[in-house]
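One structure below.
The values are calculated or read from the model by the stated rules, or taken from the named source; none is laboratory data. Worth saying up front: this structure is predicted, and the values here are computed from it rather than measured. Heads up, the Cβs are rebuilt from the backbone with ideal geometry, glycines too, and the neighbour counts pull from every protein chain shown. Accessible surface areas use protein heavy atoms only, side chains included; no ligands, DNA or RNA. Shrake-Rupley method; radii C 1.70, N 1.55, O 1.52, S 1.80 Å.
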Amino acid sequence: MERINASIGFDKRLYAQDIAGSMAHSSMLMEQGIISREDGQKIQEGLQTILREIEAGNFKTDPKLEDIHMHVEARLRELIGDPAGRLHTARSRNDQVATDMRLWVRDTMDHLDGELADLIDALLSQADAHADTVMPGFTHLQAAQPVTFGHHMLAYVEMFGRDRSRLRDARARLNESPLGSAALAGTSFPIDREMTAKALGFDRPTANSLDGVSDRDFALEFLSFASICSMHLSRLAEEIVIWSSAQFRFVECSDSFSTGSSIMPQKKNPDAAELIRGKAGRSAGAFNALLMMMKGLPMTYGKDMQEDKEPVFDAADNLQLCLAAMSGMMRDITVNVDVLKAASGAGFSTATDLADWLVRSLNMPFRSAHHVTGTLVKMAEERGVGLEDLSLADMQTVEAGITDDIFSVLGVDNSVASRVSYGGTSPVRVREQIARWKQALKDMAK
């Protein structure tokens, strides 16, 4: 029972939030005249001593005391005696732990917001450097149409930008204080919940005491964000693994984010990317674990809810590590421009440009243009050449109306330059989006 009941092994990391909550609570109790100022000041001095002891590594734990809350309270009694017992007036461990978890998740969200901004900045740096670098664009992992490397990087900027938006949106909903909900029904003491909410940086107190102690939506939203963000990191990691292979050689990871083989001296493995890809499953697993734990709980608090902490802590730790590793990897990565350029024309990637030209220049229905283009692709394939290597005469055997202007769209550089629709891969549009995102980063930092 002692082993299954104790949570100090993992919830000790809530110490700063627990002490902050107790400081705010004791200040309110003094202000409301619920405890004397003398006792309140002793409590606050004792709490500050405990904080220093924990941060110095001089704080002993005992599984018999179950959790960080009881550890702090027991140590406070050792330091100041009977006044320590007054700290728990008008408070339950139920609203205490709910408050601590909100504070911890909020602090973590703020840190991850900065990590996401750093990753977006790293991707923008690569996009800026390679706004004109042509590469193959893929569907089904088959060469489809040429794009620019900068445009490809901006796709991930959009993804991580949405992650950052989700994070901030969830933080706004989280920012209500459960403190003062007590065990489940509130308290008969004349407490000031607005005061404690303000002291802890919350926007307001929670409006229903039952919900205040039993809500873990904020943790679920955090884990949902972490799962989606980890999935985005995994997609980028997967591309790095593919791109850095000998078969692609699109990029080269720096030695700082690669490892060698224990037996094959020629190997340079993208282990950082592979680990980022692998860790995505842990975030998704954490979300599902907490969702399944919560789904069968009646109102209000059950000891099951102690199981909210480990999945949240694990997902947060891994996401922080993965974001930092990806930022470093993307800043250090070498883009093989010549290899990308050579690959960008493979698979008749300008076939759509040819079809579009037939529609624009000859007023041909798109389905007819699609058929003509398919015939020309088959001709080029049989001859082992690219579309741009077919002669005008060859093309005119399929469609007499084709002119030599067709060659203006068949090169990969011409192809990407022509994609000028908003959000397209044209270097002009890519640079517009880079400028927009750089300004957005500045605005969000204010």
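Brief remarks on what is shown
- R249 versus A144: modelled label distance in nm, points set 7 Å from Cα along the beta carbon direction: 2.6
- Kyte-Doolittle mean at least -0.5, axial Cα span of 15 Å or more - DSSP H helices of the chain: 15-31, 68-80, 93-129, 217-243, 271-295, 309-332, 351-362, 366-383
- On full extension, the segment bounded by T397 and M379 gains 5.4 nm, given 0.36 nm per residue less the C-alpha separation.
- Averaging the sequence gap over all C-alpha pairs within less than 8 Å and six or more residues apart, then dividing by the number of residues, gives segment 120-198 a relative contact order of 23 percent.
- When only the Cβ of Lys, Arg, Asp and Glu is charged (+1, +1, -1, -1), the dipole of the chain relative to its Cα centre reaches about 480 debye.
- When only alpha carbons are used to place a centre, segment 46-77 and segment 394-442 end up 64 Å from one another.
- Taken about its Cα centre, segment 213-291 carries a charge dipole of roughly 240 debye when the Cβ of each Lys and Arg holds +1 and the Cβ of each Asp and Glu holds -1.
- Overall Cα dimensions of segment 300-446 - principal axes, largest extent first, Å: 78, 36, 32
- Amide hydrogen neighbours beyond the local backbone of G137, cut-off 5 Å, H modeled: A144, Q145, V147
- Dipole orientation for segment 326-402: of the candidates L390, F366, T334, F366 has the Cα lying most toward the positive pole (charges on Cβ; Lys, Arg +1; Asp, Glu -1).
- When the Cα positions of S224, T49, T139 are compared along the charge dipole of the chain, T49 comes out farthest toward the positive end, with charges on each C-beta of Lys, Arg, Asp and Glu.
- Evaluated at q = 0.08, 0.12 Å⁻¹: base-10 log I(q)/I(0), Debye formula over Cα of the chain: -0.63, -1.01
- Bins of 10 Å from zero: percent of alpha-carbon pairs in segment 380-444: 19, 31, 23, 15, 9, 3
- Relative contact order (%) - the chain, alpha-carbon pairs under 8 angstrom, separation at least six: 17
- Under 22 Å from the Cα of K446 - lysines, other chains or at least 8 residues apart: K198, K438
- Rounded to the nearest 20 debye, the dipole size of segment 285-346 about its Cα centre is 180 debye, using +1 on the Cβ of Lys and Arg and -1 on the Cβ of Asp and Glu.
- Lysine pair number, Cα distance threshold 26 Å (strictly under), segment 253-410, separation 8 or more or different chains: 9
- Extreme residue, positive dipole direction of the chain, given options F149, I406, A185 (C-beta unit charges): A185
- The apolar share of the surface of the chain, taken as the fraction of accessible area on carbon and sulfur atoms (1.4 Å probe, ligands and nucleic acids excluded), comes to 51 percent.
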